[in-house]
Amino acid sequence: SGSKDASSSSSKSNDLISIGFAQVGHESDWRTASTESCRSTFSKENGYDLSFVDCDNKSADQLEAVRNFVEQEVDYIIIDPIVETGWDTVLKEAKDAGIPVLVIDRNIKADESLYTAWVGSDFTAEGESAGAWLKAYLEAKKKTDKVNIVTIAGTNGSSAQIGRTKGFNKYVKANGWNLLDEQDGDFTQDGGQKIMESYLKSYKDIDVVVCQNDNEAFGAIDALKAAGKTYGKDGDIIIISFDATNAGLKDVKEGSINADFECNPLAAPYVEDIIKKIKDGGKPDSQKVYVDEACFACDDTVSSFKTDEGKDITMTVVDDKVL
Ligand code: GYE
């Protein structure tokens, strides 16, 4: 986009920094927050011309969106990859065109030389925190008999699903819990509800439902309610969720979700920092940037604990001060 004079008005579109953002879709509250953060960070007022593509959870569409950005010769490309694999060719195309690629949120499985940086969450650590919390919670509640768990997983092949599954299932194995089933709810409320309905038909005795995001938890709660089951704070079934969106935390506060492990959707400001560094002729301080995250619970049954991996976790009880 030529020379950029900071003192000149940014109303002429050729003064703006052009960014192509290939977003996953619009499947969840988390996703809405991520999209809003990108739109407000990369606004015209801030000096950006953002081409936003909602890829509707379709990997082929997302590859095509990125390819179009390369053809349009945007200044920067941002990708939140639906799935981890299949990126090499298009990343090479962007590299050959000299366009820096910033990956946010979910990870890409590709050579690090093919993209500038990644900003996101440690999904495996989120899963480990959830597993370690459950272990401490069951101990506190003196529940020592068989623990039957069902998982409503996120979009198969997404790094959020892969990491949360891997992290949590370490604890399933180490503690001899019984993982009855693990099916893909595609990170949607509808998916969560349908899978919970089918679990309720197949399994008589469920102690814990692990939902890999809040929207799946909302769907699962609807299904449990309809089946007359009790859950959450005072109920028979423990509900674990990930994301800790506002709507999710509302359910934690009410006691329908027992514990919620945050995934921070605000990667855009970090990406803007990196873009500024590149513009000034520098490079990002590191190729991988982890955003900060907290852990929330509906009560103080377990207030702090150490994970098997040695991490100290403090649970924040969601009360009027928090939400
Ligand atoms: O947990 C879920 C969203 O990639 C971390 O995608 C993200 C996940 C998030 O749909 O709600």
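The values are calculated or read from the model by the stated rules, or taken from the named source; none is laboratory data. Being a predicted model, the structure only gives us computed values, none of them experimental. So basically every Cβ, Gly included, is an ideal-geometry build from the backbone, and we count neighbours across all protein chains shown. Just the protein is used for accessible areas: all its heavy atoms, side chains included, with ligands, DNA and RNA removed. Shrake-Rupley method; radii C 1.70, N 1.55, O 1.52, S 1.80 Å.
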The relative contact order of the range 37-146, taking Cα pairs under 8 Å that sit 6 or more residues apart, comes to a percentage of 17 percent
Taking a ≥ b ≥ c as the square roots of the eigenvalues of the Cα gyration tensor of the range 248-316, is the shape rounded (a/c under 1.5), prolate (a/b larger than b/c) or oblate? oblate
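Step by step: find N for the range 189-323, compute 2.2 N^0.38 Å, then divide the Cα radius of gyration by it. What's the final number? If you can, show how the numbers build up before the last one.
Working: Rg = 18.3 Å, N = 135, 2.2 N^0.38 = 14.2 Å.
The value comes to 1.29.
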Distant alpha-carbon pairs in the range 81-227 (separation over 28 angstrom), percent: 30 percent
Cα-based Rg/(2.2 N^0.38 Å) for the range 1-141, rounded to two decimals, is 1.25
Probe 1.4 Å, protein heavy atoms only - accessible area per residue of the range 196-323 in square angstrom: 46 Å²
Sorted peptide list for 240-246, 50-56, 132-138, 175-181, criterion being average Cβ within 10 angstrom, highest first: 240-246, 132-138, 50-56, 175-181
Accessible surface, the range 14-167, averaged per residue in Å² (probe 1.4 Å): 38 Å²
Contour minus end-to-end for Ser113 and Lys142, with contour as 0.36 nm per residue of separation and end-to-end as the Cα-Cα distance? 5.4 nm
Portion, in percent, of the accessible area of the chain that falls on carbon or sulfur, probe 1.4 Å: 46 percent
Inter-part distance where the range 250-307 and the range 102-155 are each reduced to a Cα centre, Å: 13 Å
With contacts defined as alpha carbon pairs under 8 Å and 6 or more residues apart, what's the relative contact order of the chain in percent? 15 percent
Quick one: divide the alpha-carbon radius of gyration of the range 81-143 by 2.2 N^0.38 Å and tell me what you get. 1.70
With a Förster radius of 30 Å, plug the Cβ-Cβ distance of Asp222 and Asp308 into 1/(1 + (r/R0)^6) and report the FRET value to the nearest 0.05. 0.35
Can you tell me the relative contact order of the range 189-232? Whole percent, Cα pairs under 8 Å, sequence separation 6 or more. 56 percent
Quick note, the range 186-228: a/c under 1.5 would make it rounded; otherwise a/b > b/c is prolate and the rest oblate (a ≥ b ≥ c, C-alpha gyration tensor); here it is prolate
What whole number of Å gives the distance from the Cα centroid of the range 172-195 to the Cα centroid of the range 39-54? 36 Å
The long-range amide H neighbours of Asp105, using H built 1.01 Å from N in the peptide plane and a cut-off of under 5 Å, are Val119, Gly120, Ser121
Binned at 10 Å from 0, what are the whole-percent values of the Cα-Cα distance distribution for the chain, short to long? 6, 26, 31, 20, 12, 4, 1
For Asp190, net neighbour charge (Lys/Arg +1, Asp/Glu -1) across residues whose Cβ lies under 12 Å away: -4
Entries of Lys143/Lys166; Lys173/Lys311; Lys142/Lys204; Lys141/Lys166; Lys194/Lys321 with Cα pairs more than 28 Å apart: Lys194/Lys321
